[in-house]
Amino acid sequence: MADSSTTIDKLRDPDGSLDRRALLQILPYGEDFLFIDRVVRLGSEEVEATYRIPESAPFVEAHFVGLPLMPGVLIGEGMAQAGTVMVRYNLEDHASKDLLAFQIDNARFLAPAVPGDTLRFHVELTKMRPRAARMEGEAFVGDRRVCKAELVLAIVDRRLLKAELTEPAKP
């Protein structure tokens, strides 16, 4: 099997970006849980992605009624999804792995983001080991930083995780 960077590189548009269709092939999420629309830059140690906050979506219409804001936790999720693409780019046979949120440190939500805004996520890999990846990320609307956080993603074998989650609990 080809290594993951080669596989992901084959999904790139001519300008080197990855569109939503490609992201749905890389990330194990459905359309409704994808909080990045495009990866505009991808390398082994850095990724930049964007997400246009929809004018109408259940999560913005309900948060807050009458004053819709993008939930901070979903801004963090978009940042983690961008980081996940980068970590998968570094993994051999990434399709057999799952990346799970393991730790979020020093998260700061500095300004609100509203429907119609485009979030730009910038994530840098600071350390990668066989079972975890540590990253620093920021989210911007234009030049305004709206969020920053340190993220750790656990790297697990999908087959083993599925077996562990489906086996009956031991007394």
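The values are calculated or read from the model by the stated rules, or taken from the named source; none is laboratory data. As the structure is a prediction and not an experimental result, all values here were calculated from the model. Please note: Cβ atoms are built from the backbone with ideal geometry, for glycine as well, and neighbour counts cover all protein chains shown.
Observations, loosely collected:
- Test: residue in region 73-88 that is within 14 Å of L151 (Cα to Cα), of a type in the set (S, T, Y), in contact with a Leu (Cβ under 6 Å, 6 or more places away or on another chain) and touching a residue at least 12 places away in the same chain (Cβ under 8 Å): yes
- Hey, D13 modelled with pLDDT of 95 or more, out of contact with any strand residue (DSSP E or B) (no Cβ under 6 Å at 6 or more places or on another chain), at negative phi and of a type outside the set (A, V, I, L, M, F, W, C) or not: yes
- Some residue of region 66-81 being of a type in the set (V, I, T) and either surrounded by fewer than 18 Cβ atoms within 10 Å (Cβ to Cβ) or touching a helix residue (DSSP H, G or I) at 6+ places or on another chain (Cβ under 7 Å) (or both): yes
- Residue in region 25-38 that is touching a residue at least 24 places away in the same chain (Cβ under 8 Å), closer than 21 Å to A154 by Cβ, β-branched (V, I, T) and assigned to a loop (DSSP other than H, G, I, E, B) present: yes
- Some residue of region 85-100 being at pLDDT 95 or above, farther than 26 Å from G16 by Cα and either of a type outside the set (D, E, K, R) or not in a helix (DSSP H, G or I) (or both): yes
- Within region 42-65, being polar (S, T, N, Q) and in contact with a helix residue (DSSP H, G or I) (Cβ under 7 Å, 6 or more places away or on another chain) holds for one residue alone: S44.
- Residue that is modelled with the lowest pLDDT [pool: residues in region 145-167 that are exposed (fewer than 11 other Cβ atoms within 10 Å of the Cβ) and of a type in the set (D, E)]: E167
- Candidates are the residues of region 39-57 that are more than 18 Å from A133 (Cβ to Cβ) and touching a Phe, Trp or Tyr at 6+ places or on another chain (Cβ under 8 Å); the one that is surrounded by the fewest Cβ atoms within 10 Å (Cβ to Cβ) is T50.
- Within region 99-144, considering residues that are among the acidic types (D, E) and surrounded by 13 or more Cβ atoms within 10 Å (Cβ to Cβ), the one farthest from the chain's Cα centre (by Cα): D117
- Being touching a residue at least 60 places away in the same chain (Cβ under 8 Å), over 30 Å from D157 (Cβ atoms) and not hydrophobic (A, V, I, L, M, F, W, C) is not true of P68.
Results for (1) part of a strand (DSSP E or B); (2) within 19 Å of R41 (Cβ to Cβ); (3) touching a helix residue (DSSP H, G or I) at 6+ places or on another chain (Cβ under 8 Å); (4) among the aromatic types (F, W, Y), shown as yes or no for each residue.
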{"position": "D105", "(1), (2), (3), (4)": "yes, no, no, no"}
{"position": "A113", "(1), (2), (3), (4)": "no, no, yes, no"}
{"position": "F121", "(1), (2), (3), (4)": "yes, yes, yes, yes"}
{"position": "T126", "(1), (2), (3), (4)": "yes, yes, no, no"}
{"position": "E136", "(1), (2), (3), (4)": "yes, yes, no, no"}
{"position": "I155", "(1), (2), (3), (4)": "yes, no, yes, no"}
{"position": "R159", "(1), (2), (3), (4)": "no, no, yes, no"}
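- Unmet criterion (only one of (1) over 20 Å from D19 (Cα atoms); (2) under 16 Å from the mean Cα position of the chain (by Cα); (3) acidic (D, E); (4) in a helix (DSSP H, G or I)) for E77: (1)
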